[in-house]
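Q: Before I ask anything, here is the structure I am working with.
Nothing in this text is a laboratory measurement; each read-out follows from the coordinates by a stated rule. Quick caveat: nothing in here was measured; it's all calculated off a predicted structure. Cβ coordinates were reconstructed from backbone atoms using ideal geometry, including for glycine residues, and neighbour counts include every protein chain displayed.
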């Protein structure tokens with residue numbers, strides 16, 4: 001054996017021994033941590049971990065992972081920016097308990113899709129009071145100022161954004177939107193989400209709430225793998241409520257919880273939101289109202305639900321209640337029943353039915 005070969009063999013032995021020693025030290029460190037943190041049930045109450053305090057109503061708390069999803073162009077960014085703004089200002093979104101903002105928060109809004117002009121315009125339109133509590137990280141501005149392209153699928157970008165949040169004492173991180181900010185990830189690949197989940201859990205450990213803005217598919221459900229929803233505390237679905245006056249508004253939609261771990265559906269009813277933009281005013285008028293059960297029933301039909309059981313589950317009614325609303329809708333002429341399924345009646349068909357009913361009544 002040559003001198004060099006002998007040296008290489010010794011180096012290999014030393015390296016192996018060092019690795020073994022490092023692994024043993026790491027194991028001992030983990031064991032010490034487990035012994036410190038593991039407690040019998042009787043001692044759990046004595047562990048001093050600060051509770052996750054509510055941010056909005058009872059449904060949004062510190063460290064939550066939440067999703068705002070809806071079809072393209074419906075108004076997801078309007079609603080996400082309104083929520084971010086009100087949380088930063090410490091101003092409630094409305095008189096409803098579910099819309100009560102408990103205290104001002106530090107918000108980082110990351111935009112990966114809109115133009116800088118669009119973000120500036122909407123931020124001004126929604127501002128009630130000036131506040132330093134909201135910061136925008138905008139993809140166009142980032143590229144113009146640094147030449148960097150934002151991609152949060154990269155571990156280095158994730159680590160840097162976490163550090164930015166800690167540095168600026170951010171309590172809410174808004175990511176708008178999922179498809180634009182996480183390039184190269186297949187939406188339907190459950191394993192691809194593993195590139196993001198550890199980062200989200202790290203943010204949660206630092207009590208930083210994360211809100212994703214995401215697109216819905218043609219079925220009205222959030223696009224991509226369902227594994228993303230497993231760690232979510234709440235998911236708010238935005239959907240269109242058909243109205244002849246829709247075109248007058250900047251945005252109009254129904255916001256409804258499809259997942260809510262923190263509180264009950266009764267505490268968070270579906271709400272219809274309207275963002276009205278006037279040509280003579282740079283501000284946007286935001287209004288909301290509770291959605292009636294008949295409106296929810298019709299919307300479920302328009303969304304493609306056709307059986308009493310599916311509709312009952314969607315709008316939290318009994319099947320007998322659904323049948324009552326269906327009977328009324330059939331009398332009004334916009335709904336019909338074929339076999340066991342409900343189907344929408346076109347406007348022309350409804351007019352013909354109404355004329356026939358008038359003639360029969362005469």
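Q: So between residue 156 and residue 189, what do we pick up on full extension, going 0.36 nm a residue minus the alpha carbon distance?
A: Numbers: separation 33, 0.36 × 33 = 11.88 nm, distance 2.16 nm.
Additional length available on full extension: 9.7 nm.
Q: R0 = 56 Å: FRET efficiency of residue 16 with residue 280, Cβ-based, nearest 0.05? Please report the intermediate quantities before stating the final value.
A: Numbers: r = 77 Å, r/R0 = 1.37.
Taking R0 as 56 Å, the efficiency between residue 16 and residue 280 is 0.15.
Q: On to the next question. Say R0 is 22 Å: what FRET efficiency, to the nearest 0.05, do residue 37 and residue 197 get from their beta-carbon distance?
A: Details: r = 22 Å, r/R0 = 0.98.
After rounding to 0.05, the efficiency reads 0.55.
Q: For the chain, what is the calculated [θ] at 222 nm in deg cm²/dmol (nearest 500), taking -39500 (n - 2.57) for each run of four or more DSSP H residues and dividing by its residue count? Walk me through the intermediate numbers first.
A: Working: 12 runs with 145 residues, N = 362.
That calculation yields -12500 deg cm²/dmol at 222 nm.
Q: Something else: Taking the Cβ of each residue in 127, 146 as the centre, tally the other Cβ atoms inside 10 Å and list the residues starting with the fewest. Don't jump to the answer; show the numbers that get you there.
A: Working: 127 16, 146 9.
Result, fewest neighbours first: 146, 127.
Q: How much of the DSSP bridge set in the chain is antiparallel, in percent, rounded to the nearest 5? Let's see the in-between values first.
A: On the way: 26 of 51 bridges.
Around 50 percent of the beta bridges assigned by DSSP in the chain are antiparallel ones.
Q: For the range 44-136, what relative contact order do you get, as a whole percent, if you take Cα pairs closer than 8 Å and at least 6 residues apart?
A: Numbers: 101 pairs, mean separation 25.3, N = 93.
Over the range 44-136, the number comes to 27 percent.
Q: For Rg and Dmax of the Cα atoms in Å, several values are listed as (1) 26.6, 114; (2) 19.3, 58; (3) 25.1, 77; flag the one computed from this structure.
A: (1)
Q: Taking springs between alpha-carbon atoms closer than 10 angstrom, which of 213, 56, 258 fluctuates most in the Gaussian network model of the chain?
A: Looking only at 213, 56, 258, the largest GNM fluctuation is found for 258.
Q: What ranking do 41, 282 get, fewest neighbouring Cβ atoms within 10 angstrom at the top? Kindly include the intermediate steps, with their values, before the conclusion.
A: Working: 41 6, 282 10.
Listing 41, 282 from fewest to most nearby Cβ atoms yields 41, 282.
Q: Let me ask something additional. Using a 10 Å cut-off around each Cβ, can you sort 135, 208 from fewest to most neighbouring Cβ atoms?
A: Working: 135 15, 208 22.
Ranked by crowding around the Cβ, least crowded first: 135, 208.
Q: Given a cut-off of under 8 Å on Cα pairs at least six residues apart, what relative contact order in percent is computed for the chain?
A: Working: 539 pairs, mean separation 57.3, N = 362.
The normalised contact order for the chain reaches 16 percent.
Q: Taking the chain as a Gaussian network, where each spring joins two C-alpha atoms under 10 Å apart, which residue of 158, 62, 32 fluctuates the most?
A: Taking springs between Cα atoms under 10 Å, the residue moving most is 32.
Q: What is the helix-to-structure angle for 3-37, meaning the angle in degrees between its Cα long axis and the longest Cα principal axis of the chain, kept from 0 to 90 and rounded to the nearest 10?
A: The angle comes out near 50 degrees.
Q: Another question about this same structure. What's the extension gain from residue 145 to residue 258 if we count 0.36 nm per residue and subtract their Cα-Cα distance?
A: Details: separation 113, 0.36 × 113 = 40.68 nm, distance 3.94 nm.
Stretched fully, the residue 145-residue 258 segment lengthens by 36.7 nm.
Q: Assuming R0 = 35 Å, what is the FRET efficiency of residue 121 and residue 205, from their Cβ-Cβ distance, to the nearest 0.05?
A: Details: r = 36 Å, r/R0 = 1.02.
For R0 = 35 Å, the calculated efficiency reads 0.45.
Q: Moving to a separate point now. Using 0.36 nm per residue of separation minus the Cα-Cα distance, give me the extension gain between residue 230 and residue 327 in nm, one decimal. Don't skip to the end; give the middle numbers.
A: Numbers: separation 97, 0.36 × 97 = 34.92 nm, distance 3.78 nm.
Roughly 31.1 nm would be gained on extension.
Q: Here's something else I'd like to know. Expressed as an acute angle from 0 to 90° and rounded to the nearest 10, what is the orientation of the C-alpha long axis of helix 116-126 relative to the principal long axis of the chain?
A: For 116-126 against the chain, the angle is about 60 degrees.
Q: Choose one answer from 29, 176, 123: the residue with the largest mean-square fluctuation in a GNM of the chain with alpha-carbon springs under 10 Å.
A: 29
Q: Here is a follow-up. If you fit an axis through the alpha-carbon atoms of helix 76-89 and take the longest principal axis of the Cα set of the chain, what angle between them do you get, 0 to 90°, nearest 10?
A: In the chain, helix 76-89 runs at an angle near 70 degrees to the longest axis.
Q: Along the Cα-to-C-beta direction of residue 113, a point sits 7 Å from the Cα; which residues of the range 152-190 have their amide N less than 13 Å from that point?
A: 175-182
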